[in-house]
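To start, the structure under review is shown below, and the notes come after it.
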Amino acid sequence: MSFKTPASSSSFPWWIATLYFAEGLPYMAVMTISVIMYKSLGIGNTAIAFYTSWLYLPWMIKPLWSPFVDIIRTKRWWIVAMQLSIAIGMALIAFTIPASLWFQTTLAVFWLVAFSSATHDIAADGYYMLALNEHEQSFFVGIRSLFYRISMVIGQGALVVLADQVNRSTGTLTAGWIIIFALLSAFFLIVALLHMFKLPVPRSDVNHDPRTFKEVMQEFISTFISFFRKPGVAVALVFILLYRLPEALMVKMIPPFLQDPVAAGGIGLSAGDVGLVYGTVGVIGLMLGGIIGGIAASSRGLRAWLHPMAWSMSLTCLTFVYLAWAQPTQIWQVYACVFIEQFGYGFGFTAYMLYLIYFSIGRFKTAHYSICTGFMAMGMMLPGLAAGWLADTMGYLNFFTLTIVLCACTIGVCYLIKVSPEFGRKE
C-alpha cells in the first residue's frame, strides 16, 4: 500500500484535532460503548467486566510490535492504514450484532478493532512527538486531550443516546447499536482519506529503506533492551501500573452502576441517560480538567504539579461513594458528581501522560512511549478483570469505598519518581 504525502506541513497544528479525535473514538467504542451495549442487552456485571477487560490486551502487548511501527514505513503511513482497518472493523461489528452468537462474534471483532486502534495509538503518539518540540508537546497536551475528550462526547455520549433513541422508536434492542457502528465505519473511511492526502509530513518521519529480517529483529531487540536499561525504570513501572489503580476498578463498573435499578444498589438510569450524563457534563469536566492541567504544567512544569494532580485524581472519587450511599433520585446530583469526578480525573491524568512522555525521551522515544502505554494498559486490564466480581460480591457502596482506599497507591507512587524541574515548563 502506498499513499501520497504532501511535501510541506502547516504552521498551525490542525492535525491534532483530527488525529486525536480519531484516536479516541475506537477506544470509546471498545472500552465504553461495548460495556453499555452489553449491559443493555442483558449481560451480567461479572461477565461484562471480565470479557471487556481482556479487550485491553492489544494495548497491553502493543510494545511487542511497536518497534516495527518505529522502523518500518512512516508514522503517517501507519496512521492511515490503521484508520482504514478500523473502518472495516466497525462495519463488521454492525453486521455481527444480529448474529446468533452475537456476544462471541462482537467480542472477537472488538478485539480486532482494539488491535488496530492500539497500533494507531503507537503511530499517532509517535507522530505527535516527531512533529512538536518538548515545550509544544507540553503546551498542546491540553488541546490534544480536548479533542480526545470531544470524541468521548460523540462516543460515550451522542452515539449512545442515538442508539437508545433508535431502539425505543423501533421497539428493538439492537437496531440503534447497528446504526452507530455503521456511522463509525463511515467516519473512519472519511478521516483515513483526509489524512492520506492532507496530513503534514514532519522531516523526522522518514520512510525507512527496506532491510533484512535479521536487521529488523536486531533493532527490535535493542529497542526493548534500551528501555529496560533506562535509569529508574523499576520505579517508573511501579508508577505506571499503580497511579490509575482506583480508576481501573471504577471504569468498568460506573456504567452498570448507573444503569442498575435502585433495588440492586444502582441509580436506575437508562443507557440513553448514561450517555447524556457522560456526553455532556462528564466530558465538559474532563476537557476543563485536561486543559487547565496542560496550562498549569506548561507554566510551572510537571514536577511542581505532580502531587496536586494526584490528590485531585484521588479525592474526587468520593463522589461515587456518595452516589452509592445516597442513591439520589434528583438527576442534577448525578450530573454534579460526575462533573466533579471527571474534572478531577482530567486534571490528574495530565501528570500521568506527561510523565510517560518524559520517561520516553531518547533515541527510541516512539517505541519507548508505546512500551509505557503497554504497561499502562496492563495496569487497567488486570484490576478490571475482577471489578465485576468485586462489585457483585461487595455491593456498589463497599466497592466504591474500596477504590478510595486504593487511592493511597495513586498518591504514594508520586513520592517514588524523579522528574526534572524544567520538563514541560515554558522556557
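Some notes on this structure:
- Selection within region 220-271 - modelled with pLDDT under 90, small (Gly, Ala, Ser) and in a loop (DSSP other than H, G, I, E, B): Gly232, Ser270
- Residues (open to solvent by 10 Å² or more (accessible area, probe 1.4 Å), in contact with a helix residue (DSSP H, G or I) (Cβ under 6 Å, 6 or more places away or on another chain) and in a helix (DSSP H, G or I)) located in region 307-317: His307, Ser312, Met313
- Test: residue in region 148-157 that is at positive phi, open to solvent by 30 Å² or more (accessible area, probe 1.4 Å) and of a type outside the set (Lys, Arg): no
- Meets criteria (among the small types (Gly, Ala, Ser), open to solvent by less than 30 Å² (accessible area, probe 1.4 Å) and farther than 21 Å from Gly176 by Cβ) for Ala81: yes
- Looking only at residues of region 96-121 that are open to solvent by less than 60 Å² (accessible area, probe 1.4 Å) and assigned to a loop (DSSP other than H, G, I, E, B), we find that the one that is nearest to Ile33 (Cα to Cα) is Ile97.
- Any pair with Cβ under 7 angstrom, 6 or more apart, that starts in region 21-45 at a residue that is closer than 13 Å to Ala118 by Cα and ends at one that is open to solvent by 30 Å² or more (accessible area, probe 1.4 Å): Glu23/Tyr148; Gly24/Tyr148; Leu25/Ile154
- Region 159-177, subset open to solvent by 50 Å² or more (accessible area, probe 1.4 Å) and part of a helix (DSSP H, G or I), residue nearest to Ile33 (Cα to Cα): Leu162
- Out of Ser151, Ser185, sole residue that is among the hydroxyl-bearing types (Ser, Thr, Tyr), within 20 Å of Leu92 (Cβ to Cβ) and within 22 Å of the chain's Cα centre (by Cα): Ser185
- Scope region 312-336; condition closer than 19 Å to Leu249 by Cβ and of a type outside the set (S, T, N, Q); matching residues: Met313, Leu315, Cys317, Leu318, Phe320, Val321, Tyr322, Leu323, Ala324, Trp325
- Those helices (runs of 4 or more DSSP H) of region 363-416 in which at least 2 residues are open to solvent by 60 Å² or more (accessible area, probe 1.4 Å) and either over 20 Å from Ile61 (Cβ atoms) or at pLDDT below 90 (or both), considering only elements entirely within it, cover 365-394, 396-405.
- From the list Gly89, Gly42, the one residue that fits, being of a type in the set (Gly, Ala, Ser), at pLDDT below 90 and closer than 30 Å to Val161 by Cβ, is Gly42.
- Residue within region 348-361 that is at pLDDT 90 or above and not in a helix (DSSP H, G or I) present: no
- Where a residue in region 276-303 is part of a helix (DSSP H, G or I) and its partner, wherever it lies, is charged (D, E, K, R) and surrounded by 20 or more Cβ atoms within 10 Å (Cβ to Cβ), with Cβ under 6 Å and at least six apart: Val283/Arg149; Leu286/Arg149; Met287/Arg149
The values are calculated or read from the model by the stated rules, or taken from the named source; none is laboratory data. Bear in mind the structure is a predicted one, so any value in this text is a computation, not a measurement. Ideal geometry is used to build each Cβ from the backbone, glycine not excepted, and the neighbour counts take in all protein chains shown. When the accessible area is computed, the model is the full protein with side chains, heavy atoms only, and any ligands, DNA or RNA have been set aside. Shrake-Rupley method; radii C 1.70, N 1.55, O 1.52, S 1.80 Å.
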